[in-house]
Each structure stands twice: as structure tokens, then as C-alpha cells.
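These notes are about the structure you will find just below.
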Amino acid sequence: DGSDVDNEEGSAAENEENVKGTGKGTKRATPRTRRGHARGRDRHGDEEDEDDEDGTRRAGHRRHRSRRRGRGAGKEASDSDMEPSKSRKNQANQKSKEDDEEEEDEKGGKNGKGKNEKKADKKPDKKGKKEKANKKKKDKKKSGSGSDSDSEEEPITEEELAKLKEEVEEKKKLIATLRNKPWKMKKKLSVLKEAQLFVDKFEGALGKGKGKKFYAYKVMMMKKWMKFQRDFENFKTACIPWEMKIKEIESHFGSSVASYFIFLRWMYGINMILFGLTFGLVMVPEALMGKPYGSLPRKTVPRAEEATAMNFATLWDFSGFAQYSVLFYGYYNNQRTIGWLKFRMPLSYFLVGVGTIGYSFMIVIRTMAKNANDDGGGDDTSFNFSWKMFTSWDYLIGNPETADNKFASITTSFKEAIVEEQESRKEENIHLTRFLRVLANFLALCTLAGSGYLIFFVVRRSQKFALEGLENYGWWERNEVNMVMSLLGMFCPTLFDVISSLENYHPRIALRWQLGRIFALFLGNLYTFIIALMDEINLKARYLFPFTMFDIYLGNLEEEKIVKYNMTIWEASLYNGTIPENSTAPPIQVDPADVPRGPCWETMVGQEFVRLTVSDTMTTYITILIGDFLRAVFVRFFNYCWCWDLEYGFPSYSEFDISGNVLGLIFNQGMIWMGSFYAPCLPAINVFRLHTSMYLQCWAVMCCNVPQERVFKASRSNNFYMAMLLFILFLSTLPAVYTIVSIPPSFDCGPFSGKTRMFEVISETLEHDFPSWFGKVFGYASNPGLILPFILLMVLSIYYLNATSKSYKEANLELKKKLQSVRTEN
Amino acid sequence: RAPGSGAMGGSASLIPRETLGEYQELTFLSKQEILLAYKRFSELLPKEERENACSARVPKSHILTLPELRANPFQHRICRVFSTSETGDDSMSFEDFLDMLSVFSDSATFDIKSHYAFRIFDFDEDGILDRKDLEQLVNCLTGQGEESWLSSAEMEQLIENILEESDIDKDGTINLSEFQHVVSRSPDFARCSGLQG
């Protein structure tokens, strides 16, 4: 008997696969067949645990079985099992077997591999065949166990179900994190295929019994959802505009120049949203549902201007038909609801105005917070040398010329850093550097003071000219103020550049000083201008926006009184001297173009902003074409017939002026924010402007500019730009907020005409459109007694969060010290 | 440079859809990027082998003509680290190429980037960055010519400073976790360790 069993061992392995499916069930069914297939049974002797019914007859077999089991650490033992109750044991066997294999295979490389990974980590090129056999057997075992459970009517126990589910989840997690493992593709592929097979098989098996269909459906929906997510990610990546262009610029010029274009693209995104808001919620409803052109006096070109209303010159100046259209504030009617939708136009106008400001604040602060996170916080300065070493290479550089520049700059920066480290231990040179820097700042202050005085002087002079009558003077005297301010704006930054060479800062820091000084220059000029004009109000300064607004407004106040008086007289004249006592008298039909108009300061302000934006755009484009393109053409073609080498000496090709362009972008956006309440068309114009700017500047950079000599990283500058943007945003929204809260709107134009203050539209809406209790709640909530404690609470929470972050930093330092001391102890 | 998706129509049929899905699963690249990579890879092969690009190997000299690697001081190390060539000639198959692009792409995580950066910087492949590795690293960064290299005194000083900053357990070498700690604090790492297209 024993020998029989032993002999059968050899054939058992081969026959197993044939016999597996046909089931022990049949063998178990009748005692006769059991006895009859004693040999057959012995082949599967390992599997039969439930042989208690056989009693002692099988005692002998059991002995042999155990012998076989002992020997069966090899292939047959675990693979021959078919019973579900054995599946766990088999998997344990399988695991231990594979662990053994893995220990042989390990070449001692990677750390941190969990048990699962070990189990799954097979090298197909080494053990291909064996794995295939194993896999096949595992599959058959599973299917065998499945069919077994069906035929046997033995349910999978709850524990096993839970364990299987757990394993399936683990496999799924493995699949999701596979791309993050630093393995070769071959290995990842094999692991992926194996894990996917496992998941597929068992997900099918787990669905057996109760709720199988639902489970399978759920699994299918999950797969579809994952596929959809992946496709959506692909689509989103393909949608990012200008990515290729920017990458190309980055490879030639490094990331500092590219950061300007990324900033430009981000601005474009913001302006698109602002455009969507103003276009969709203000301009389109009025155009579709409001009263058409010509039905109201405010919507019609006055008779006097009709002749020139369609001229190109008038339209370019945004007068004529452009002025009396949805593009400007004055066109909108103050009806509470318009159209069949009962669209509340004044409310919408107000909310869009406030919403654009709120959205801009939110997005700028959010981007700043994100950048601050990326910065990593913590001890910023302590890794200078390591960072220079490990992270200074810009992998986006693909151009050898830029690479050479980068090499040179890295070498220089290493040497500088070494020298500075040594210098910091010496004392003398610090004083010289400090002295030079103080001198440089002094010179910069002198320049600022000088430009302020010059503006003051020029403005006083032009007032004198105005008093004497402008016709007596030539072009220069008439435009003196404009010209002087433009010239100052052009030459002072260059002067600052020269001054900064005294200071000898790292280029990133020098850039910041430069930006700060130019900013101070513009602000200083503005204030000097306002102060100089305090006495006189009549000057039209084209590009000093906030003052222009006040000027126009104050002028209009006077005008309004006069016009109102005139209008009553005119109405009286219509009725031939009799002023109707009651309003039931039929109104006389008058063409709207003939009605005398009240002044509309909001529209005028809007027009000023639009003209400003357009002229700013033109100036920028012309500067690029002349300053960069013509210069490059000149240097390239005249080099052959010139005495000195134009390309290396003066003037050579221009470098891309990052600071100038960034400032231009920021100031431009400030103008948009200030003006979009009065001219809803401004965001649209800006979107168009940014779009063309991107293409023009990308072309100009690639065609006419050369990479800078000192190529530096721009990442930390991003928050600096954001901080400036935030400051400008704050400054720009002040005038709009002030007008909404304190100044009465024009009586004859715009959606708020007839109200004493613009924000009254809110209280009006609360009265009419909301239930009465809502108004009460709102009244309570806007009580200062509630708002002040709320503000106090916010200030306290800021303080608390600040304190927490400080304590985290300190804890970090403590841990680091501990690490060091632990090591030195060892 | 390779043009956009218009030219990719043909190559889409050369990678079977299932394999494409698997590559998407296993790398940080999107479908368009994988197809573009396939196109560029097959352009590096001689005409006869282009049909079979998935299983061909491109010799190192051809890989180094790619614009991303041409100006890169670590070009040889990159080829060595990503190549699965058994003969040690640093030739790359398409899957190695995908691996490389995946690690350098914008969406790769910090973990995998820093892991591979460490391996690239480890010139002698002993699993740690010791003095010799750091010296070679500095020499790579300062340009190809000998005249631009730092003097030995400067080199000494520089390496001293670096070890002082980064070597937390003071054993004279930088291991993977110390490297990751230092680099995770740098705002430039994620930005600069990406390749185009």
C-alpha cells in the first residue's frame, strides 16, 4: 500500500490538473466509489481533511499522506488542494514558498518592501515558466474552490470573505501606487498584471451568493469612473493653453523669464472669469431683455452728436455709439426688473461689481497661500550650499547657449557663496558693503525727491499756462505734464538700475529692490501730482486715475444742479408755459435724442479708464516693436559695416526686462479692477489685450532677446509679485467702494439713478423679494454690535494660528538637535 | 521639435490599446504624452527598426541627441540609471524611455523624483553620497572645461559646508533620507526637475 502511494506520487503532480475539476464530490458521494477510487483518492490525499467518515480504513493512508505532506514542501502539496477550507492554509504555504523563492532572488537592493510586495514580486524573466505554472495552478485552485463550493454547497465563511476582501483592497491600493515605485517598467508591468488578475478573479468570486449582481455592477461602475477620471485628467492637461510655448521659452531663457509668462497666463485666467461675470450677468441681460437703443434718453445719442456718432475716430475714443451702449454704465436703466424673466438688473449690476472684487481678493490670497506652502516654511536659510548643489540645475534648459550661461552662473554662485561664507567671519568688508548700500539708497531717495519736485514745478507751470489761455502756447507747453511724467517713468528706472550696481546684491534681491523703487516712484509721482492740484480742479491728467475720478465727479456736481434747473424750464416750455399740476396729463411725445441730458460722471470715468487701457496697450506694443525688434534688426544687419562689434558691445541685443513687464502687468490689472464697475466692457478688452500680448511677447522674446547673463530661479519671486498685486488690488478697490457707499449716483443715467446711495439696491431687494423676517435677520446681523466682536474673533484666531506655527518650528529644531545628539552618543 | 497631436494619428495604432492603458497606469504621463514619446523614440531608431519600436533598444549616443539631454551635465548618469541594458552599454528601450519621462514629468511626486535624483547623483552607485560623489557632482555643475572647475581649496571648503548642513547623523556621508530631507525644504526642486514634452 505504501509503495503504491509512493509510486503514485510521481504521477500525481501531472494528473492533478486533469483531475481537479471533476471533484471529490463524486468520490465522496458513495462509499463504493470512495473505496473504488482509493488510489485516486490517495493522489489527493493531502487535501482530504474531512475523512473522518472514513474512519480507520484511511489510517494507513493518513500516515502516508503526512509523509507526502512533509515532502510536499515542493510543488504538489499546496497546488493540489481543492477544498475551500484549505485555501487559507494553501495561501500560507504559497506565501512561505514564495518567500523562500524571493530570498534567493533578492539582490539586496531596495528597501521598504512590505510583505505583499514580496509576495507579488516575481521576476518573470527568471522564473517565467514556474510562475506561469504557479499562476495556472492558483487560478485552477480558485476556480476549483469555486466549483467545489457550488457542488459541495459549502459557503465561504465570513472570515475568509473578509480576508479576501482585504487582500483585494490591498492589491487595488498597490495598483494605484505602482507608478510611484522606483522600479523598472518590466517589473511594474508584471506586478500590475498579476495584481489585476488577482483582483479580477476574486472580485468575481466575492460576488457570489447574496447580492452578486449588485456587487458586480458596483465594480463595473467603479472601473468606468476611474476611466472617466483618467480621461478627464488627460483632457484637462491638453486644455492648458500655451504650455508648449512657455516650455520652449523656459528651455532657452530659464525659469525666471518663463515666470513672467506663467504670471501672464494666470492673469488671463482671472480676467476670463471676470469677463464671464460681467458679460453674462450684466451686458447680455441688458442687451437681450432691456429696453432697446433709442427708447430712452439715456440710451440715445444726443441730437448734437449724431452727425459724428459713427465715425471711426469717435468710436476709437469710445464716444458716440460706443458710449451709448451696454459697454458703459450710463446705458443701463434703473427699472427694478426687466424682461419676462423679471431679471433684477440693478441688483445684478451691484452684485457683479462687488463679486468681481471679492473673487479677485480670494484668488490672489489663495495663490499666495499655495506659494507659501510650496516654500516649505521652516528654517529657510540653513541649506544654502546643499540647495545650490542639488537643485541649482534647471532641467528645463535644452539649449547649449543657455546651458553655458547656467554653468558659468553656477560656478560664480559657488565661488561667491564660499567667499561670502569666509567674508562673514571677517569684519572689514561688511562696513564697506554697508556704506555702499546706504549710499545707494540715499541716491535713490534723491532721485525720487527730484522727480517729485520736477512734477510739482511742471504742474504749477501748466496751471499758469491754463490761466493765460492754452492757445498761446505750442504743443510742448500743452502736453508738458504728460510728457514729463512719461519721460520720468522711462528714465528713472534705468537710473535705479545703475545705482543698484553699487549695492552688489544677488540678482533676485536686486530685482526686488528695483521693483520696490519703481513702485515708490510711481506712487510718489501720483501723490505729488494730487498735492499740486489741490487748489485747481480743472486739469485733465490722463493717467492719474483716482484723481481723475474726483475731478470729474466734483465738476459734475455743479453741472447737475444747473442741468436739473434747465430741465424743469425745458419741460415747462413743452407745455407752453403751463406746468401740469397732476401727473395724469398726457405726456407729449418727444424724441429721446432731443431731451437735455444730465451729466453722467460714471460713464465719463469709465471712458477714461478704457482710453487709458487702450493707450497703454498701444504704448507697450510700440515699445516692443521699436525697442526690441528694430534694435535687433539694426544690430544684426548693420554689424557688417560698423566700426565696433555691435553684438557684444553697445547696443547688442536686448535682454527681456522682467521687472518692467511684471510691473506693467500689475498696474494694468489695477486699472481694470478700478474701472470695471463703471465700464463693464473693460474685462473683455483686457482679455483681448492679454491674449494678443501673449503671442506678441512670446514671438518677441524668441526672436529679439538673448538670455540673461545671470540666470536665476524665479520661484521665490512669485510671492513677491503676488504681494504687489494684492496691494494694488486693495488700492484699486478703495475708490469703487467709496463711491458705492458715500456718493450719490447720477440722477439721469445708470442702474442706480434715483437712489440716494448705490447700496440701497440691497435694502430694496430685501424688502420686495424676500420674506419680512429675512430683512429683520439681516438688520440684526449688520448691527455693529455683532460685527465688531466678529472682527475681534478673527484677529484673535490669526494670532493663535501664528503662535501655533511658531511653536511647530521650534519643536522641529529641537528634534533636529536631538537627532544629532543621539548620533554623537552612538 | 515634434509637432502636436496632428502627427500622432499614425503612431496611436502601433501601441496596442491595452498596453497604452497599462503605461498610463504605471507612469505619470497622459495618453498624449505617451504617444508623443513613442513618436520621438521611433525617430531615434533607424528606419528599418521603426516598426518594432516597442522592443528595440536605442544606443546611448542617439539618446544623448535629444534636446533635453544634450545640454544636461548629468546626461551620462541619467542614461545609466534608467537603462535596463544587460550588457552595460546604457542603451534604452522604449519602456526605459517612458520611465525616464515619467520621473521628469510635472506630475511626478516628490518621493520618486528625489529617489531618482539621489541615484543619479550617486556616481559610484554604493547607495550613499560620499565625498568623492560630491566632488564629481560639483565638477559636473561647473562646466565641461577644466579651467572652470573650482580649486581644490574651494572644493574642500564647499564640501565641508555641504556636509555640515545636510549630514544629520554626522557620519561623513549623505544617505537617501538626509538627501530627501534637505531637498524637500527647497522650493526649487519640484520646479526645476522637470523635462519638457
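The values are calculated or read from the model by the stated rules, or taken from the named source; none is laboratory data. Note that the coordinates shown come from a computational prediction; the quantities given were computed from them, not determined experimentally. Note that we place each Cβ from the backbone using ideal geometry, even for glycine, and neighbour counts take in every protein chain shown. Side chains included, ligands, DNA and RNA excluded: accessible areas come from the protein's heavy atoms. Shrake-Rupley method; radii C 1.70, N 1.55, O 1.52, S 1.80 Å.
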Cβ-Cβ FRET estimate between A:M490 and A:M221, R0 fixed at 56 Å, reported to 0.05: 0.30
Dipole moment magnitude, nearest 20 debye, chain B about Cα centre, only Lys, Arg, Asp, Glu C-beta charged: 1180 debye
Accessible carbon and sulfur surface of the range B:17-104 relative to its total accessible area, %, 1.4 Å: 48 percent
Solvent exposure ordering (accessible area, 1.4 Å, most first) of A:Y565, B:Y38: A:Y565, B:Y38
Long-range amide H partners of B:V58 with built H, under 5 Å: B:M92, B:S93
Rounded to 10°, Cα long-axis angle of helix B:131-141 versus longest principal axis of chain B: 60 degrees
A:H431 accessible area, assembled protein chains, probe 1.4 Å, Å²: 110 Å²
Heavy atoms of B:F118 accessible to a 1.4 Å probe, total area in Å² rounded to 10: 10 Å²
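Take A:T617, A:T623 and sort them by solvent-accessible surface of the protein heavy atoms, 1.4 Å probe, largest at the top.
A:T623, A:T617
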For A:285-294, mean number of other protein chain Cβ atoms within 10 Å: 0
Entries in A:K370/A:K809; A:K172/B:K31; A:K227/B:K47; A:K172/A:K816 that, when Cα-Cα distance is taken, lie over 28 Å: A:K227/B:K47; A:K172/A:K816
A:C749 accessible area, 1.4 Å probe, all protein chains in place, Å² to nearest 10: 10 Å²
Accessible-area composition of the range A:271-336, carbon plus sulfur, in percent [1.4 Å probe]: 70 percent
Whole-number percent relative contact order across the range A:203-345, with pairs defined as alpha carbons under 8 Å at least 6 apart: 14 percent
Relative contact order (percent, whole number), the range A:159-238, Cα cutoff 8 Å, 6+ residue spacing: 28 percent
Amide H within-cut-off set for B:L150, under 5 Å, with H built and near neighbours excluded: none
Per residue value of the accessible surface for chain B (all protein chains in place, 1.4 Å probe), Å²: 42 Å²
Summed buried accessible surface, chains A and B, 1.4 Å probe, nearest 100 Å²: 6300 Å²
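If you put +1 on each Lys and Arg Cβ and -1 on each Asp and Glu Cβ, how big is the dipole of the range A:159-238 around its Cα centre, in Debye rounded to 20?
For this selection, approximately 300 debye.
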Rounded to the nearest 20 debye, dipole of the range A:783-825 from Cβ charges on Lys, Arg, Asp, Glu: 220 debye
Solvent exposure, largest accessible area first (probe 1.4 Å, DNA, RNA and ligands not counted), of B:H181, A:H768: A:H768, B:H181
Summed side-chain charge close to A:F637 - residues other than A:F637 whose Cβ falls under 12 Å, Lys, Arg +1, Asp, Glu -1: +1
26 Å Cα-Cα threshold exceeded, pairs from A:K818/B:K113; A:K406/A:K817; A:K299/A:K342; A:K187/B:K113: A:K818/B:K113; A:K406/A:K817
